[in-house]
Amino acid sequence: MKNTIKQVFHSGKFLVGFYIFLFVLLLCIIYPLIVTYDPLEMVGSGNFYKPGTYISQQEAALDDGYIMNMDASEGKLALALGEDELAKIEEYLTKYAGITADQIDKSNLEAMVELWKSNYDPELKAKGLTSAKRKSYRRLDSELMDALNSSDVIIAKEDPESGELEEVKKIKGTNFVNTKDVVNKRTFVLGTDNFGRDVLTELVAATKVSLRIGLVAGLIATAIGLILGLVAGYVGGLVDNLIMFLTNLFTVIPSFIILILISYSVGTSARGVMMVAFIIGVTSWPWTTRSVRSQVISLRNRDHVNLSKLSGHSMARIIFTDILPYIASYVVMAMILQISSGILAEAQLSMIGLGPATTKVATLGLMMNWAMQYAAHLNGSWWAYFPVVIVIALISFSLNLMNTGLDQVFNPQLRD
Amino acid sequence: MEQNRNSVQNSTDRKPCLTGRGVTKVFGVGNKSMTAVDHVDFDFNEGEFVSIVGESGSGKTTLSKMLLGLISVTEGEIEFQGRKRDISTGAKRKEYWKNIQPIFQDPFSSYNIFYKIDAVLDDCLNMRGYRKAPKEEKDRMKEEACRFVNLKYSELTNKYPFELSGGQMQRLMIARIFLLKPKILMADEPTSMIDACSRATILDMLLKLRDEVNMTVIFITHDIGLAYYISDKVYIMEHGKFVESGPAETVILNPTADYTKRLISDVPKIYEKWDLDTVARDK
Amino acid sequence: MGKVILEVNHLKTKYVTRFHEDVYAVDDVSLTIEEGKSLGIAGESGCGKSTLALSLIGYYFAPLHYMSGDIIIDGVKISAMKPNDVRRKILGNEVAYIPQAAMNALNPTMKIIRFIEDVMKAHGIKMSKKEVYDMAKERFADLGLPEEVLEKHAVELSGGMKQRTVIAISTILSPKVLIADEPSSALDVTSQKMVIRMMRELMEKGYIKSMIFITHELPLLYNVTDDIMVMYAGQIVERGTAQQMVFDPVHPYSKGLMGSIIVPESGVREHKLTAIPGTPPNLKNPPKGCRFAERCPYATPTCSAMAPDMKEFEEGRTYRCLMSVRKLREVYENGAEPELSTEFD
């Protein structure tokens, strides 16, 4: 036994899988201890905030701040003039202002702005210049002017009695704030989702729930498969035929369809997390049953089983002491695969809207479902779905790798 | 070994132990059915060393499983000690199994590798009703059994089967039989996976069991030389039927059935010339 | 003395296990075979006889590794060649190798004649299909195999027929040495006899010049080969003619092995079978002295300390024991334990 475990931990494939899985597991355990926010708290009040640190604007504005010998306008200009904006400027200049392409140097932002300022005519009417286009040029112009405006900003407060504005502070272009001095801030490493929830915190919580669903589904499927397989294989005869009939029935009907049907018929109100796990569990046992059965049949005729029989042992005892230990490694391997496929099944079900009908917890599948419903994939909010995909892939990759590693240790035919 | 031989001669006055009439086993039904054992008759007497000789596929192992009561008999009757064998219920089977025990071909698959070998011996004691006996007495009996097969109990206890060699495992199987003292020992090719040097020890022990406990030993083998060497009576089996039976000397030295003649002529010889030309060219 | 076909000098090879342990399966093996002679190698399971077979054909692919020694086949030193070159140039042409499960090597989707065409192609022999067929037909007829076999698939043949077909195919190029490792052990006695007969015909008709036959069945060796070598724990312990080895073995281990022979012949029942207690040593770290010392009934303390070398004591007879032949024979005759002051030479 000790030796076997030693062998298992010598298998490279198993170890890689094991470490990845351990990493995911530890993340699920340790992260909530450090970040204690409610994972489903709707922090943002809009959809899909970009990843980054958000600091209170008011606080930053009222902070005493520091004067830096740095011109803020250049940075602002670079921020305002992206690839798209530059292309737009170039288009206007070449098409409507009669500037040739060699006069335009896109790398020199200031020269570009000068060129724009001297050539742009908001009232210009030309062929092909639709009103929509004209409006978009106007928008570009005002954005540019905003960016170039480096004059001081005055913060004023309204006097509640007189209704007059009273200057509180003047902010120069050289005024800076240390983010450490700002108390009200929040970092969204992976941005927020459609409900304004922190994706990373939500993802960790969802991974935990999904792992639990996978584990419960895997346990249920393995238990049913193991019991049916043992009985069918050992007892044989009519019992075997009956169980195999049932198993074949479940195998020929795609299990995902059964899954959808059961899931749908259970109804929205009853479809909690554990219910979904249970549904996945009771639809995915046939595979385990078949393989356990074939293992048991080959063991049934082994001499030590015959000897045990001739020693007058009961059937239950023979199954538990003479058969189960021999297939234990196999069952563990099958369960690992069942867990992995359980997690995938939950994700699939949730994607099509038949997952846990709850807003109290998140699962990996539900996160995907929400991201899809709010068109995260269309508006470029990759952070709402891509990390989820990565986590699902990591979990199922690590579990499958562990399974392959175990297979190499326990199946002598695969050894090199 | 000399005194073993003497007991062979006067075997006619022995009491019948296991007899069979028209014993048949058919696997499957309809077109796909296969008759593994086809109406065989046999009389195994008490204290007799009987060999059943046959090539692979002759049905000898199927017959042994039927005699052990591990598979059902399709047709025919088996009598145990003069009475019809009844193994219809679990309790009756258990009772029958006190009288017949096996040694299998492959010692490596005869043990449950997850349990220490003590479990095998303890099972035997439990079966014989020593479950509640004091530990000292149990240990004494186990020690005695191990001594019978030239093994030291103190060196074996707390070991797992894979720590033993094939010969040691097979000897421990004999120790198990020694503890159980059944009326019949069914030895299914017990030496075919053992090296020639250890084979003699195993055979000696089987003979000793027969002599000390007056056990009927049914020895199943494909090796006609081995059967000749060790047994009192020989049954030659071909395609599920016994083609010839009788005292070993008679059957092997003066065979009458063609199959027996062929079998003997095809085995390499040492003292006589082995005639390679008598073999059929196309098979 | 005829021309030496195969010469092996102090060959040492080892296995490397999954856990990077070395198993010294063939240790200091020397042998020669002359033209027209056959040699039998006998020993118990795990004594290294199958490893010796693989080593002799130069099949040094992991986990088997060559350590030292020479293998010379008809003047060509194959131990100095790369394993892949040996496989391409030597196997089939110079040496043919037949393992126990050879018959299972036949691809069931191919007709037998296709294997023969393959052999020709693999060895760069340019022949038309017709020529190959005619040649194969002739060879098969000569070896007593029906011509129809050529047009059949492996599944249509019985086990014995398959094994004989494989032997015929692997010797189609008339190699100088045939190395057969338990070629008949998986077969029933009748098929076994036919395989043996065919191998003898191969020798008699000159399709092969010499043969090494490896088996644990001594009566078979006695009937097949001219000489017999007994192997124990990776070493050769004795060599002599078949007659000498079976009826007059010298080494205590050979003595024990020959004493365990059982054949269905009159008088055999009166023999007392010999038994050797104990198990062979672990070849991961073989004993320093004589490898048989632990099980030898005549061993003295010197035996466990000093490793004996192969010695020739008669024309063509060698043995590996510290005791003199005279003393050993005396001990066997009297059935007595030797005195402790055993004479060594």
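Quick note: the coordinates plus some simple rules give every number you see, no bench work behind them. Here the structure is a predicted model, which is why all the values come from computation and not from measurement. Glycine gets a Cβ as well: all are built from the backbone with ideal geometry, and neighbour counts include every protein chain shown.
Within 10 Å of each Cβ in B:54-65, how many Cβ atoms from other chains are there, averaged over the peptide?
Per-residue shielding by partner chains comes out at 1.
As I understand it, the value is the acute angle between the Cα axis of helix A:12-34 and the longest principal axis of the Cα atoms of chain A; what does it come to in degrees, rounded to 10?
Taking the Cα atoms of chain A, the angle to A:12-34 is about 60 degrees.
Restricting to bridges with both residues inside chain C, how much of the DSSP beta-bridge set is antiparallel, in percent to the nearest 5?
60 percent
Sorted by mean Cβ packing within 10 Å, highest first, what order do the peptides B:79-89, B:127-137, A:365-375, A:20-30 take?
Final packing ranking: A:365-375, A:20-30, B:79-89, B:127-137.
Can you classify chain A as rounded, prolate or oblate using the Cα gyration tensor, where a ≥ b ≥ c are the square roots of its eigenvalues, rounded means a/c under 1.5, and otherwise it's prolate if a/b beats b/c and oblate if not?
Prolate is the answer for chain A, as a/c is 1.5 or above and a/b outweighs b/c.
Output wanted: per-residue J couplings in Hz (rounded whole) for the stretch B:195-207, from phi through Karplus 6.51 cos²θ - 1.76 cosθ + 1.60, θ = phi - 60°, x for Gly and Pro.
Once rounded to whole Hz, the list reads 5, 3, 5, 8, 4, 4, 4, 4, 4, 4, 5, 4, 5.
Measure nothing fancy, just the Cα-based angle from helix B:135-148's long axis to the longest principal axis of chain B, in degrees from 0 to 90, nearest 10.
Helix B:135-148 sits at roughly 30 degrees to that axis.
Relative contact order of chain C, please, whole-number percent, based on alpha carbon pairs below 8 angstrom and at least 6 residues apart.
Dividing the mean separation by the residue count of chain C yields 18 percent.
If you take each beta carbon of peptide C:182-195 and count the beta carbons of other chains within 10 angstrom, what is the mean?
Per-residue shielding by partner chains comes out at 4.
Calculated from DSSP H runs of 4 or more alone, at -39500 (n - 2.57) each and per residue, what is the 222 nm mean residue ellipticity of chain A, nearest 500?
Helix-only estimate at 222 nm: -20000 deg cm²/dmol.
Can you classify the stretch A:72-148 as rounded, prolate or oblate using the Cα gyration tensor, where a ≥ b ≥ c are the square roots of its eigenvalues, rounded means a/c under 1.5, and otherwise it's prolate if a/b beats b/c and oblate if not?
Verdict is oblate for the stretch A:72-148.
At a threshold of 8 angstrom on Cα-Cα distance, excluding pairs fewer than six apart, so keeping six or more, what relative contact order does the stretch A:72-148 reach in percent?
46 percent
Within 10 Å of each Cβ in B:109-115, how many Cβ atoms from other chains are there, averaged over the peptide?
Taking the mean over all residues of the peptide, I get 6.
Quickly estimate the mean residue ellipticity at 222 nm for chain B, helices only: each DSSP H run with n ≥ 4 gives -39500 (n - 2.57), and the total goes over all residues, rounded to 500.
Taking each H run of at least 4 residues, the total per residue is -11000 deg cm²/dmol.
Could you identify which residue out of A:336, A:280, A:155 has the top mean-square fluctuation in a GNM of chain A using Cα springs shorter than 10 Å?
Among A:336, A:280, A:155, the largest mean-square fluctuation in the Gaussian network model of chain A belongs to A:155.
Scan around residue B:241 for amide H atoms under 5 Å from its own, H built in the peptide plane at 1.01 Å from N, and keep only partners 5 or more places away or cross-chain.
So residue B:241 has HN proximity to B:38.
If packing is taken as the average count of other Cβ atoms within 10 Å, what order do A:272-278, C:95-101, A:104-110 fall into, highest mean first?
C:95-101, A:272-278, A:104-110
Given contacts defined as C-alpha pairs under 8 Å and at least six residues apart, what's the relative contact order of chain A, whole-number percent?
Value for chain A: 26 percent.
Which angle from 0 to 90°, rounded to the nearest 10, does the C-alpha axis of helix C:189-204 make with the longest principal axis of chain C?
With rounding to tens, the tilt is 80 degrees.
Counting only DSSP beta bridges with both residues in the protein assembly as shown, what percent are antiparallel, rounded to the nearest 5?
The antiparallel fraction comes to roughly 65 percent.
Got a sec to turn the phi values of the stretch A:334-348 into Karplus ³J(HN,Hα) couplings, 6.51 cos²θ - 1.76 cosθ + 1.60 with θ = phi - 60°, whole Hz, x for Gly and Pro?
Once rounded to whole Hz, the list reads 4, 5, 4, 5, 5, 4, 4, 6, x, 5, 5, 4, 4, 4, 5.
Which far-off residues, 5 or more places away or on another chain, put their amide H under 5 Å from the one on residue C:229, with H placed in the peptide plane?
Residues meeting the criterion, in which the H sits 1.01 Å from N, are C:40, C:41, C:42.
Among A:144, A:349, A:259, determine the one that fluctuates most according to a GNM of chain A built with springs between C-alpha atoms less than 10 Å apart.
A:144
For the stretch A:1-48 and the stretch A:372-395, write down the distance between their C-alpha centroids in whole Å.
19 Å
If each DSSP helix of 4+ residues adds -39,500 (n - 2.57) and the sum is divided by the residues in chain C, what number results at 222 nm, nearest 500 deg cm²/dmol?
Roughly -8000 deg cm²/dmol at 222 nm, from the helical runs in chain C.
Which far-off residues, 5 or more places away or on another chain, put their amide H under 5 Å from the one on residue C:179, with H placed in the peptide plane?
Long-range HN contacts for residue C:179: C:96, C:97, C:98, C:212.
Looking at chain B only, what percent of DSSP beta bridges run antiparallel? Nearest 5 please.
Counting only bridges with both partners in chain B, antiparallel ones make up about 50 percent.
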